[in-house]
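Throughout, read-outs are computed from the coordinates displayed, never taken from laboratory work. This structure is a prediction, so every number in the text was calculated from the model and none was measured. Neighbour counts are summed over all protein chains in view; Cβ atoms, including those assigned to glycine, are modelled from backbone coordinates with ideal geometry.
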């Protein structure tokens, strides 16, 4: 039975991540009075891309060729090491610092790959991504540190358990940390108001500019990894800040219920992201640091309150 | 009529009268001061500088400087003849907006503007030989010159941390092709230089070759989104040449169609500006409202872009009384719909934060470059051909000029919003008026011989000018369409300077200039 849990844990993120991207797109379409593509469209896009030939620039080095695999693999490992539906299977990687810096490592390779092919846009995207990533790190780290201090543990699974039984006096700082985390989540996942995942304007892109030179299978991997990253952050938001509904028992009905609850929580988050993206405009690039500082300051205040 | 003209013309000059244009020959040495006088002392708007190859008839090239006389619907055109010379004095040192016209004359006629500080070729690229001039009469339009390899020097910015980004002509989205060369310091734009010409199709040459009916079709295709305005300007010029009367009913219908075209494009642009800030709600509703007008167009005329509607002597499509009633109802619903969308958009701080103070165009720079239309009115240059050169049925209705003062994206956005409301009002008023008379004057068209005419129409971007000339047989020998984009492209770089690169697509969209109208 534990093997089953391990398999589910490993496959859950890559299996579900395209679905939530499709759901966000669908909700956004509905909010714009459009019919929108099916929520399964991202799966079809991946299949299409995997069946395509790819073009690789003559100037590209091994970094360009290997980065998609590194990035995708990191999201797989991270996806398997965070609390999703069960609190049972912690592993040595489930340390919050390890998780954050593994993801930063994948961002690093993405930025390198963006510059590697030598196109003007890739360089632009990488420079912007690193600017945003450097400023996001503070908020991300400190918001999770609040939880770690509250739970007196660096392990994500035990944080998740402790937060569920925290006294109500600690709820306010945890709430502040949640807002700080949410802002960092939007920046890391390349969503509004930081980046527009649907834009066709090459000059405004961040994430899309870095991957502009990719095609075919490698593009599919990168797109998939980006979807995984979204689900990882959504999963962390859902299970660290609202850690109710993780199953402690290894029976099929319990697992099914926990999976259902997990999907429900992510759906609520996706709805929030879709509504946000439909109701505001993207921020000017130079206003983004302000927002990221807010995330950082909120997290620092939360830490101050919890100590 | 002649009285009005005489006050602008130096004494002792013989004035030639052609319909709505009064031309007079000046000595080559005197032309610069004469043009400066009209521009600076009389403050007449320069509408076009064009050249004609008349070496067969008179052994000379002719360069004409066409000025408009606002409110009178008249044009005044001093000109020079170049006999045995391929040089003419440049007026660019004092009149900056003449630059593009003179460069174009150099590129297409091979006449050298002496004293022009920057006479690089326009429109034609490095693969076109330097000594082949396509608008000269001895150039056969079917010939294909050998490919050349000329250089085109972009302005270089030097300094620490400056780098160049080449963008286009192929873009990530489906838009017209154009190349932009950015010199940036980090994200800030230090210099932006557009290079166009990728959609050059030889329109001016084709205008000389095609039969009259086809010329009309060609004018509809100069810039697809302005099909009606372009063909209307062409028709008006030809009607002036042929002395063709247009009935009051046809004039009224022309106003309705022209305003429908403006309405569709403004709604589309308002949505597109919002979508370029990422405000997808406004974007999708802008696209939806534009589509509603396009379908109205199709219902009324069978063409979404109002093609085949204009004819020399009137229009081909009437609007029945029942269609008028339902159009009135549709417009009322559209206005309500639009104001609801705008009410939601105006509640969005994040949207207006992006629009305000982005892409600000300086008033003096705009003035010096001859900026017209929406972009001009957004900095407070009050030009509107509907008021300045009243045509069709515009004199019958009141129209308030839509203007803003700041010259940023927000101003250009709001000029459009105001014009949406004024267009709807104009159409509603026009629909309630009924005139007797045929909508198309089917008198046989005979054009005046050795004559000139100008047609001017306020398209949705700005004024569209058509210059048409005939020869001794009454055949059209020269047509120059001047799209507002030809002037407004020159200020885009100035509006972009100092902004960050990710704001450029938004600035570009707020101008939404035509590539094909510029490239011809």
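One table, with the values for the structure above:
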{"read-out": "Alpha-carbon centroid distance for the pair region B:360-388 / region B:216-274, whole angstrom", "value": "21"}
{"read-out": "Value of [θ]222 nm, deg cm²/dmol, for chain B, DSSP H segments ≥ 4, -39500 (n - 2.57) each, nearest 500", "value": "-12000 deg cm²/dmol"}
{"read-out": "Taking A:61, A:170, B:510 and counting other C-beta atoms within 10 Å, the order from fewest to most", "value": "A:61, A:170, B:510"}
{"read-out": "Shielding score for A:285-297, defined as the mean number of other chain Cβ atoms within 10 Å", "value": "1"}
{"read-out": "Residues in region B:160-174 reached by a label modelled at residue A:215 [backbone nitrogen below 16 Å; 7 Å Cα→Cβ]", "value": "B:170-173"}
{"read-out": "Chain B, relative contact order in percent, only Cα pairs under 8 angstrom and at least six apart counted", "value": "17"}
{"read-out": "Pairwise centroid distance, computed over Cα atoms, of region B:140-179 with region B:396-450, Å", "value": "37"}
{"read-out": "Inter-part distance where region B:279-347 and region A:108-179 are each reduced to a Cα centre, Å", "value": "49"}
{"read-out": "Peptide-level mean, for B:501-511, of C-beta atoms on other protein chains within 10 Å", "value": "4"}
{"read-out": "Order of A:34, B:461 - criterion: other Cβ atoms within 10 Å of each residue's Cβ, fewest first", "value": "A:34, B:461"}
{"read-out": "Per-residue average of Cβ from other chains inside 10 Å of B:348-354", "value": "4"}
{"read-out": "Ranked A:8, B:123, B:174, criterion: other C-beta atoms within 10 Å, fewest first", "value": "B:174, A:8, B:123"}
{"read-out": "Over region B:2-114, relative contact order from alpha-carbon pairs under 8 Å, at least 6 apart, %", "value": "25"}
{"read-out": "Hydrodynamic radius of chain A per Kirkwood, over alpha carbon pairs, in Å", "value": "19.8"}
{"read-out": "Most to least packed among B:445-454, B:25-34 [average Cβ atoms within 10 Å]", "value": "B:445-454, B:25-34"}
